[in-house]
Amino acid sequence: MPIIGTAGHVDHGKSTLVEALTGRDPDRWAEEKERGLTIDLGFAWTEIDGMDVGFVDVPGHERFIKNMLAGVGAVDCALLVVAADSGWMPQTEEHAAVLHLLEAHSGVIALTRIDLVDHDTLELATLEVLDEIEGTVLEGWPVVPVSAVTGTGMNDLATALATALGTAPDLSTGPLRMWIDRAFTVSGSGVVVTGTVAQGSMTTGDQIEILPQGQTDKIRGLHHHDEDIGRAQAGSRTAINLQSTRLEDAQRGNLVCTPGSIGVSGRFLALINAARSFDGVPQRGAFHVHIGTAHSPATIRRLHDTNKYLVTLEEPLPVAMGDRIILRDAGRRSVVGGGRVLDPQSPRRVPESALAPLESALSSSPNEMANALLTVRGVAAIPEIFKATGGGTPSTGLRSGDTILSDVAVADIESRAESIVESYHADHPLRPGIPSPELATQIGTELHILDAVIANSEAIRASKGAVHLATFEGTLMPDQEAEWLSVQASLESSFDVPRMSAIDLPDELLHALIRRGDLIQITPDLVFTRSQTEDIHARLTDLPSEFSVAQFRDEFGMTRRQAVPTLEWLDRTGWTRRSGDVRTVRR
């Protein structure tokens with residue numbers, strides 16, 4: 001069901017007009033009826049042009065502007081009411097400013113109480129309205145003269161509203177979002193919260209989350225305009241019967257949403273334009289930020305001499321990229337600006353280069369918003385991007401578990417890694433490469449991110465925990481080769497080789513020879529040359545079909561210190577099989 005939200009100055013006939021359209025009085029409180037003005041949100045519904053339509057009647061009195069802001073955030077069509085006998089008034093201007101700052105996409109202007117004015121006054125009132133809306137999003141909205149008392153123009157108003165509703169976007173897909181505007185208990189049922197579903201849908205039995213407190217619950221039942229329903233979707237005026245939530249844990253200003261679909265933030269980056277009655281957004285004031293039915297005291301800081309501001313909330317609120325906000329100054333008692341959220345989890349320092357990509361993605365899909373946010377952040381957790389964009393997932397970038405990197409971030413990490421590895425090879429030419437944890441620390445990234453970048457790279461490789469250039473071979477210098485040949489001849493003169501720690505070669509050269517395959521490491525302190533191990537394999541058949549450690553030792557002229565680990569190595573590599581105290585040759 002599409003929702004129409006009324007707006008306008010106090011006592012210009014909004015509630016009377018809604019009652020004339022629907023046959024229902026939207027004023028809920030006795031105080032409202034006694035005082036003749038709406039102090040809280042009122043609700044009514046009817047059928048227009050074969051379409052079920054709901055009305056949110058918002059207060060017009062200046063003191064109740066916060067309730068007005070709570071009511072206009074999730075409407076499909078705005079109905080701005082201006083009395084022909086009074087004309088454009090202060091709260092008319094403020095409500096029109098809110099609609100303009102929220103970029104209300106469709107609406108109708110009702111020029112009411114025409115039964116109280118003559119033709120010339122009506123014409124002047126119409127011209128005044130057209131002049132006031134020039135240059136705003138309201139320009140082009142039809143102005144319909146009506147009288148709720150005589151019924152004049154009411155059919156024309158209904159037709160204009162039906163036409164305006166036809167342009168409302170479909171928001172029934174995506175995660176659920178519904179701002180609570182009322183919360184109460186029903187005997188025998190428990191806590192009930194009401195609101196207008198702003199996005200997505202829900203069914204009885206669904207799990208929901210209530211933010212900012214983060215409490216989860218189950219939907220016991222759904223109610224829509226005096227009827228039990230099994231499903232509610234975007235645009236539907238809905239009451240939710242919660243299963244276990246207490247009344248103090250669900251209040252106006254809370255958000256009902258799909259669990260894990262949106263985050264809570266105390267600081268965000270926003271595009272804020274000044275209300276047209278101000279030359280610019282004031283730099284100082286007793287500011288309150290309004291999002292949905294929620295609001296919080298806030299401070300703002302202008303960035304880079306632009307219309308971008310860092311907003312810090314006194315009370316963290318649920319917020320996502322693209323959300324529309326209104327900035328009101330309690331001291332000036334006026335709406336001073338409004339706009340949209342660019343980054344719901346903004347750092348304190350925001351580079352100017354981050355502003356344009358975020359702003360250009362504001363009117364895009366959640367996935368495109370996610371791409372823009374990833375471009376700015378470089379490295380981000382996918383669930384956080386999902387919550388920050390109200391359900392978006394980047395379509396580009398490199399993934400590592402729940403983390404995703406932008407193409408620029410990948411290129412930067414790869415370039416820095418290549419430079420560090422190249423320097424490491426120059427300083428340690430015989431080592432296989434720099435250990436992965438050491439490289440990750442030098443770059444300042446997590447090891448799993450580095451591993452993902454290396455796996456995606458053609459310039460660098462990782463082998464056994466060491467990162468090296470793809471072209472690196474670790475070639476020995478001529479003097480090192482000569483040194484090795486001298487030691488090799490000494491080693492191969494007998495199988496009674498010295499301990500590895502006693503071999504007269506530098507440690508790095510020894511390990512380089514092991515990696516190259518010139519030396520075969522049997523144990524941490526025992527090595528043979530490659531030709532010695534080939535000789536051992538070849539001479540196994542000279543042994544008896546079953547032989548002991550002593551027989552093996554004597555055959556090769558080893559000590560027991562060398563024979564026992566060598567036989568264990570032969571067992572591990574499948575050349576021999578041990579049975580008790582004897583062994584047999586397997587191949």
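Before we move on, is ALA74 modelled with pLDDT of 90 or more and either touching a helix residue (DSSP H, G or I) at 6+ places or on another chain (Cβ under 9 Å) or crowded, with 22+ Cβ neighbours inside 10 Å (or both)? Break it down stepwise before answering.
Working: modelled with pLDDT of 90 or more: no; either touching a helix residue (DSSP H, G or I) at 6+ places or on another chain (Cβ under 9 Å) or crowded, with 22+ Cβ neighbours inside 10 Å (or both): yes.
Judged against the criteria, ALA74 is not a match.
Kindly indicate which of THR150, THR159, THR126, THR173 is part of a helix (DSSP H, G or I), out of contact with any His (no Cβ under 9 Å at 6 or more places or on another chain), free of Cβ contacts under 8 Å to residues at least 60 places away in the same chain and among the hydroxyl-bearing types (Ser, Thr, Tyr).
Working: THR150 fails: part of a helix (DSSP H, G or I); THR159 fails: free of Cβ contacts under 8 Å to residues at least 60 places away in the same chain; THR173 fails: part of a helix (DSSP H, G or I).
Unique residue meeting the criteria: THR126.
Would you confirm whether or not the stretch 534-555 contains a residue that is small (Gly, Ala, Ser), modelled with pLDDT under 90 and in contact with a Lys or Arg (Cβ under 9 Å, 6 or more places away or on another chain)?
Within the stretch 534-555 (the criterion being small (Gly, Ala, Ser), modelled with pLDDT under 90 and in contact with a Lys or Arg (Cβ under 9 Å, 6 or more places away or on another chain)), the answer is no, since none of the residues qualifies.
Across the stretch 222-243, what is the number of residues that are crowded, with 18+ Cβ neighbours inside 10 Å and either under 21 Å from GLY174 (Cβ atoms) or more than 29 Å from the chain's Cα centre (by Cα) (or both)?
Residues in the stretch 222-243 being crowded, with 18+ Cβ neighbours inside 10 Å and either under 21 Å from GLY174 (Cβ atoms) or more than 29 Å from the chain's Cα centre (by Cα) (or both): 11 in total.
ILE272 passes all but one of (1) open to solvent by 10 Å² or more (accessible area, probe 1.4 Å); (2) modelled with pLDDT of 95 or more; (3) of a type in the set (Val, Ile, Thr); which number fails?
All conditions pass for ILE272, except number (1).
Considering only residues that are among the aliphatic types (A, V, I, L, M), outside any loop (DSSP other than H, G, I, E, B) and open to solvent by less than 50 Å² (accessible area, probe 1.4 Å), which ones fall in the stretch 421-438?
Just the residues of the stretch 421-438 that are among the aliphatic types (A, V, I, L, M), to begin with: 421, 426, 430, 434.
Among the residues that remain, those that are also outside any loop (DSSP other than H, G, I, E, B) are: 421, 426, 434.
Within the stretch 421-438, VAL421, ILE434 qualify.
Looking only at residues that are aliphatic (A, V, I, L, M) and part of a strand (DSSP E or B) in the stretch 228-242, which one is nearest to ASP217 (Cα to Cα)? Please lay out each step first, then the result.
Step one: filter the stretch 228-242 for residues aliphatic (A, V, I, L, M), giving 229, 232, 234, 239-240, 242.
After this cut, where a residue has to be part of a strand (DSSP E or B) as well, the list is 229, 232, 239-240, 242.
On the way: ILE229: 19, ALA232: 17, ALA239: 15, ILE240: 11, LEU242: 7 Å.
Looking at residues that are aliphatic (A, V, I, L, M) and part of a strand (DSSP E or B), I get LEU242.
Only one of (1) under 16 Å from GLU418 (Cβ atoms); (2) in contact (Cβ under 8 Å) with a residue 24 or more places away in the chain; (3) touching a Lys or Arg at 6+ places or on another chain (Cβ under 8 Å); (4) among the hydrophobic types (A, V, I, L, M, F, W, C) fails for ALA470. Which number is that?
ALA470 satisfies every listed condition except (2).
Those residues that are farther than 14 Å from SER277 by Cα and surrounded by fewer than 17 Cβ atoms within 10 Å (Cβ to Cβ), I need them from the stretch 89-121; list them, please.
Passing the criteria: GLU103, HIS105, ASP115, LEU116, ASP118, HIS119, ASP120, THR121.
Each row is one residue, and each column tells you yes or no for (1) part of a loop (DSSP other than H, G, I, E, B); (2) out of contact with any Asp or Glu (no Cβ under 9 Å at 6 or more places or on another chain); (3) closer than 30 Å to ILE114 by Cα.
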position	(1), (2), (3)
PHE184	no, yes, no
GLY188	yes, yes, no
THR194	no, no, no
VAL197	no, yes, no
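Hey, can you tell me all the residues within the stretch 297-332 that are surrounded by 15 or more Cβ atoms within 10 Å (Cβ to Cβ), more than 22 Å from LEU362 (Cβ to Cβ) and among the acidic types (Asp, Glu)?
Of everything in the stretch 297-332, just one residue is surrounded by 15 or more Cβ atoms within 10 Å (Cβ to Cβ), more than 22 Å from LEU362 (Cβ to Cβ) and among the acidic types (Asp, Glu), namely ASP329.
State which residue is farthest from ALA354 (Cα to Cα) when the search covers only the stretch 285-335 and only residues that are under 21 Å from the mean Cα position of the chain (by Cα) and part of a loop (DSSP other than H, G, I, E, B).
Once the filter is applied, the top-ranked residue is GLY292.
The values are calculated or read from the model by the stated rules, or taken from the named source; none is laboratory data. Keep in mind that this is a model prediction, so the values were computed, not measured. Glycine also receives a Cβ, built like all others from the backbone with ideal geometry; neighbour counts cover every protein chain displayed. The accessibility values were calculated without ligands, DNA or RNA, using every heavy atom of the protein model including side chains. Shrake-Rupley method; radii C 1.70, N 1.55, O 1.52, S 1.80 Å.
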